[in-house]
Amino acid sequence: MTYGLKSVSMDDISRKLGISKKTLYQHVGNKNDLVKQVIQKFIGLQHEVILSITNESSDAIEEYLDLSRHFLSTIRQMKPTITYDLQKYYSDSWNIITKDHFNFLQNVIQKNIERGIDQELYRQNVNADIIAKLYISKNHAIADESLFPLQKYSKDELLIEFVKYHLHGIASAKGIKRMKTILKKQL
């Protein structure tokens with residue numbers, strides 16, 4: 001997270017862990033394997049947190065806002081070089097993210113929308129499948145530094161505007177009122 005994936009060597013990793021490279025290679029085949037294992041572990045932990053949020057929230061609006069806070073804290077930790085390095089040098093690991101993780105997130109958002117429709121917090125005429133796919137694609141746009149350079153747009157600002165954009169697009173009057181209530185309590 002600090003130095004990027006490409007610039008850190010297996011020597012650096014073994015030195016930081018206080019083990020020999022030989023010992024490190026007893027657990028991983030090579031750096032690609034290590035990156036893949038780390039990505040899989042990270043995604044597994046993310047899924048646990050996300051499922052915990054969905055199970056513990058009282059309604060769809062609270063769930064969505066809590067998920068957004070979690071996404072923001074995760075995004076804050078990530079350096080832009082991580083995505084670049086994964087795409088360019090570790091495509092197998094990047095494919096795990098784009099296929100497995102993004103499909104998982106899309107499913108979570110779709111279920112959130114369906115829950116919100118059932119709770120009358122989201123408009124009844126919202127197509128949950130389409131909106132969930134749009135949500136995921138818009139997340140890609142937020143992460144695109146050519147569209148939103150970090151020098152001009154903070155990650156916090158982008159996510160907050162995205163949350164408002166999304167909820168105002170799908171929420172019913174009851175949902176907007178609930179969103180405002182939750183946000184007032186948190187300020």
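What follows is calculated from the coordinates using simple rules that are stated; it is not laboratory data. Source: prediction; values computed, not measured. Every residue, glycine as well, gets a Cβ built from its backbone with ideal geometry; the counts of neighbours run over all protein chains shown.
Couple of notes before you dig in:
- For the chain, the relative contact order is 25 percent, taking Cα pairs closer than 8 Å that sit 6 or more residues apart in sequence and dividing their mean separation by the residue count.
- Kirkwood-type radius of region 140-187, with distances r between different C-alpha atoms, in Å: 12.1 Å
- With the highest mean first, a sort of the peptides 59-71, 124-136 on other beta-carbon atoms found within 10 angstrom per residue produces 59-71, 124-136.
- Counting only DSSP H runs of at least 4 residues, each contributing -39500 (n - 2.57), and dividing by the residue count of the chain, the helix-based mean residue ellipticity at 222 nm comes to -23000 deg cm²/dmol.
- Taken about its Cα centre, the chain carries a charge dipole of about 400 debye when Lys and Arg each add +1 at the Cβ and Asp and Glu each add -1 at the Cβ.
- Sorted by Cβ neighbour density within 10 Å, fewest at the top, the residues ARG123, ARG115: ARG123, ARG115
- Projected area, mean over directions - the chain, Cα convex hull, nm²: 12.1 nm²
- For LYS152, the aspartates and glutamates whose Cα comes closer than 14 Å to its Cα, not counting residues fewer than 8 places off in the same chain, are ASP144.
- Label-point separation in nm, ILE75 to LEU134, each point 7 Å along Cα→Cβ: 1.8 nm
- Label-to-label distance for ILE160 and GLN40 is 4.0 nm, based on points extended 7 Å past Cα in the beta-carbon direction.
- Mean Kyte hydropathy of -1.0 or more with a Cα span along the axis of at least 15 Å, helices from DSSP in the chain: 31-56, 60-77, 102-118, 128-143, 155-170, 173-186
- Inter-probe distance in nm under a simple model that places probes 7 Å from Cα toward Cβ, at GLN119 and ALA173: 2.0 nm
- Residues in region 118-135 reached by a label modelled at ASN107 [backbone nitrogen below 20 Å; 7 Å Cα→Cβ]: 128-135
- Among THR23, THR81, THR54, residue whose mean-square fluctuation peaks in a GNM of the chain (springs only between Cα atoms under 10 Å): THR23
- Shape call, region 77-172: gyration tensor on alpha carbons, a/c limit 1.5: oblate
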